[in-house]
């Protein structure tokens, strides 16, 4: 059973890799840029593609597209200390976006599939992805009160929180002395949590 699941996961990741082969490239272009104070919360809904979430050098939410941008659209709608960020209508191959948020921000991320790379961002994180690869740099594990990481089918490497699992229903739960919460779920693919 474990071998069958790993073959399915490998197939999903391989198909995603094939769909992201570089065919059309464009120079990076900023599609949304809004002032936003640290300490707020951002709710992201992201169509399929490759995403990198990084700390902004300034107090802004910024979305930059590159690669094959096709008809993709990005919006940021702030309201006080909360913002809604959406990326829609992404092409099926070689779409990439960099999302900059203040260094201290609570994040909710819903990704339909692809690759998500997140640099250390201080705050609560609630992340769901349907398929692909999720890599999160968590920073100091002692900053977290609770961690709940799940991969329905695939590989889960959560070394900072004492767990590495493969197969079906890979799950790591952890409690610590900090104040932030991390909940991340990937339906199929590979998840890696690093310091």
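Quick note: the coordinates plus some simple rules give every number you see, no bench work behind them. Predicted model only: the values in this text are computed from it and were never measured. A quick note on method: Cβ atoms are made from the backbone with ideal geometry, for glycine too, and the neighbour counts reach across all protein chains shown.
Observations on the model:
- The calculated pair-distance distribution of the range 30-78 uses every alpha carbon pair, bins of 10 angstrom beginning at 0, and gives 21, 59, 20, 1 percent.
- Efficiency of FRET between residue 112 and residue 166 - r from beta-carbon atoms, R0 22 angstrom, step 0.05: 0.40
- Fraction in percent of alpha-carbon pairs per bin - 5 Å, the range 2-194: 2, 8, 17, 20, 19, 16, 11, 6, 1, 0
- Footprinting exposure proxy for 144, 51 (fewest neighbouring C-beta atoms within 10 Å first): 144, 51
- Cα-projected label distance for residue 183 with residue 89, points at 7 Å along beta-carbon direction, nm: 3.3
- Just so you know, the Rg over Rh for the range 45-137 is 0.93, from Cα atoms, with Rh as the Kirkwood radius.
- Per-residue ellipticity at 222 nm computed for the chain from its helices equals -3000 deg cm²/dmol, with DSSP H segments shorter than 4 residues left out and the rest contributing -39,500 (n - 2.57).
- Per-residue Cβ neighbour rank within 10 angstrom, fewest leading, 128, 140: 140, 128
- Selected from 79, 146, 166 as most flexible by GNM, with the chain as the system and alpha-carbon contacts under 10 Å: 79
- Length-normalised contact order of the range 2-194 in % [C-alpha pairs under 8 Å, at least 6 apart]: 22
- Residue with peak Gaussian network fluctuation, the chain [Cα springs, cutoff 10 Å], from 97, 57, 145: 57
- Modelled label reach - residue 119, point 7 Å along Cα→Cβ, the range 133-162 residues with backbone N closer than 18 Å: 135-140
- Share, in percent, of DSSP beta bridges within the chain that are antiparallel, nearest 5: 35
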